[in-house]
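Asker: First the structure, then my questions, so here it is.
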Amino acid sequence: MSEKFDVIVVGAGPAGSAAALVCARNGLNTLLIERGEYPGSKNVMGGVLFSKELRELVPEFWKEAPLERPVVDHRYMVLGKESAVNIGYKGMEWGEEPYNAFVVQRAKFDQWFAQKAVQAGALLINKTVVTECIVDKGKVVGVRTDRPDGDLYADVVVLADGVNSLLAQQLGFRKEHKPGDVALCVMECINLPKEKVNDRFNVKDNQGVAIEIFGEATKGNFGAGFLYTTNDGINIGVGTTVAAMVKDKLKPYDLLDELKSHPAIKPLIEGGESAEYLAHLIPEGGYRSVQKVVGNGAVVVGDAASLVNAINGEGSNMAMHSGQLAAKAIVQAKKRGDFSEAGLSSYRDALHDSFIMKDLEKYKDAPHTLESNPQYFKEYIPLVTKAVGKYFTVDGTTQRDKQKQIIKSFTEGKGTFKVLTDIYRVWKAVK
């Protein structure tokens, strides 16, 4: 093993492997370090991978990657106590090349993606923990690992070490996440015969369904549940902020059990065999939680930089794109021989000019607004499910009287001004 690399990437998730792939393809001597037994062994994801950013890195990846079903049906479900309101879009064009999104299992997918970096020339070492960055005269010059004689050196270190990024904290690039900025997500993989999956979700073998679930799924807290169809089963999970779990004394696996037993969900998973449980933290603080991403000899990508759009449910695609942008900046820095913060600053500029930061900025007030105003999830969502139920119930009440009763249910005890203020506040946060 060479003692000095051009680039060391810490973390073989989507962001890290994307950075390693682009660096290696451009001839840089690249080391990719993974703390787990293999890439993906430490990860959990909702399961949907939007494909555009991966297509840029591996054209026609669907011909070789370990994928589940392409998503052709994307739904939103709002749960009441014993009811559900559904909206969504089903498009057959999503089931054709170049595809919009796939359900993936990270344990399989991350291994494949990391191997693409290896095939390009990167060196991958697993079961290795990076304990700290080595800093000399204010510049990151390498990493210290838990292996004997484990100091490794490089011109640039890419921090892709996940949501908590202890390395970014060590360098002073970021502070520890606030409990309201990070969600704890639990997921269960359930085996179910392919025929039952197809029948219950009205799809064919190579068609997938993604359902984002709100309301009772999180007991009225900011967050969401999800249900995704795999080739032979279902991934179901739920996540809410650590602050909400502490405040309401919620246990994540209790939330998952209650979601699975909801009358609108239970028939979809009935008869399935539990295969695996997973849990992971997800950064959901949005734009305001993104801190320093470039320093002397180091860049931060993916979850480590808090590049997750909780409103749109995007994360892995943002991780890949940030890894690609960081790698391009490193390649240019190599040509100039300048690995200072100024020499790597094109990554920060490209990131802010990309859809990643533009979308996060658009929703910059949404996470805080929804987290700090519990009435949206605890009061208005239940009212919405009741209002829809009342609207579709034929009981001799005139439609005009139903409308009056529905409006009264929203304003009763609050007043019209309060309701209009709440509507304006949330509209302003997501407009």
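Asker: Of all residues in segment 245-265, how many are of a type outside the set (Lys, Arg), surrounded by fewer than 24 Cβ atoms within 10 Å (Cβ to Cβ) and either under 20 Å from VAL48 (Cα atoms) or touching a helix residue (DSSP H, G or I) at 6+ places or on another chain (Cβ under 8 Å) (or both)?
Answerer: 8
Asker: Oh, and also: LEU67: touching a strand residue (DSSP E or B) at 6+ places or on another chain (Cβ under 9 Å) and more than 29 Å from LYS194 (Cβ to Cβ), yes or no?
Answerer: no
Yes/no per residue for (1) of a type in the set (D, E, K, R); (2) open to solvent by 10 Å² or more (accessible area, probe 1.4 Å); (3) at pLDDT below 95; (4) closer than 24 Å to GLY237 by Cα:
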site: SER41; (1), (2), (3), (4): no, yes, yes, yes
site: PHE61; (1), (2), (3), (4): no, no, no, no
site: PRO66; (1), (2), (3), (4): no, yes, no, yes
site: GLU97; (1), (2), (3), (4): yes, yes, no, no
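Asker: Regarding segment 185-197, can at least one residue be identified that is open to solvent by less than 10 Å² (accessible area, probe 1.4 Å) and part of a loop (DSSP other than H, G, I, E, B)?
Answerer: yes
Asker: From the residues in segment 93-111 that are in a helix (DSSP H, G or I) and over 27 Å from ILE125 (Cα atoms), which one is farthest from the chain's Cα centre (by Cα)?
Answerer: Restricting to residues being in a helix (DSSP H, G or I) and over 27 Å from ILE125 (Cα atoms), the top hit is GLU93.
Asker: Please work out which residue is nearest to the chain's Cα centre (by Cα), limiting yourself to segment 410-431 and to residues that are within 14 Å of GLN375 (Cβ to Cβ) and of a type in the set (S, T, N, Q).
Answerer: THR421
Asker: Next question, about the same structure. Looking at segment 231-244, which of its residues are surrounded by fewer than 22 Cβ atoms within 10 Å (Cβ to Cβ) and within 18 Å of the chain's Cα centre (by Cα)?
Answerer: VAL242
Asker: Kindly provide the set of residues from segment 132-162 that are open to solvent by less than 10 Å² (accessible area, probe 1.4 Å) and either touching a helix residue (DSSP H, G or I) at 6+ places or on another chain (Cβ under 7 Å) or within 17 Å of GLY302 (Cα to Cα) (or both), ordered by number.
Answerer: Correct list: CYS133, VAL156, VAL157, VAL158, LEU159.
Asker: Would it be correct to say that PHE339 is surrounded by 21 or more Cβ atoms within 10 Å (Cβ to Cβ), hydrophobic (A, V, I, L, M, F, W, C) and at pLDDT below 95?
Answerer: no
Asker: Moving on to the next point. What are the pairs, 6+ residues apart or on separate chains, where a residue within segment 72-99 that is under 12 Å from ALA210 (Cβ atoms) and among the acidic types (Asp, Glu) has its Cβ under 7 Å from a residue that is in a loop (DSSP other than H, G, I, E, B) and open to solvent by less than 40 Å² (accessible area, probe 1.4 Å)?
Answerer: Every condition considered, the pairs that remain are ASP73/VAL203.
Asker: For segment 239-288, give me each residue that is outside any strand (DSSP E or B), among the charged types (D, E, K, R) and in contact (Cβ under 8 Å) with a residue 40 or more places away in the chain.
Answerer: GLU258, LYS260, GLU284, ARG288
Asker: Then there's this: Any chance you could count how many residues in segment 413-431 are farther than 22 Å from TYR363 by Cβ and not in a helix (DSSP H, G or I)?
Answerer: The total comes to 3.
Asker: Right, next: Select from segment 378-431 the residues that are in contact (Cβ under 8 Å) with a residue 40 or more places away in the chain and more than 30 Å from GLY285 (Cα to Cα) and list them in ascending order.
Answerer: LYS386, VAL388, GLY389, listed by residue number.
Asker: Report, ordered by the first and then the second residue, all pairs with beta carbons closer than 6 Å, sequence separation of six or more or different chains, a first member in segment 103-132 that is in contact (Cβ under 8 Å) with a residue 40 or more places away in the chain, and a second member that is among the polar types (S, T, N, Q) and open to solvent by 30 Å² or more (accessible area, probe 1.4 Å).
Answerer: From residues that are in contact (Cβ under 8 Å) with a residue 40 or more places away in the chain, the pairs are ARG106/ASN43.
The values are calculated or read from the model by the stated rules, or taken from the named source; none is laboratory data. Source: prediction; values computed, not measured. Cβ atoms come from the backbone with ideal geometry, glycine included; neighbour counts cover every protein chain shown. The protein model used for the area step is the full one, side chains on, heavy atoms only, and it has no ligands, DNA or RNA in it. Shrake-Rupley method; radii C 1.70, N 1.55, O 1.52, S 1.80 Å.
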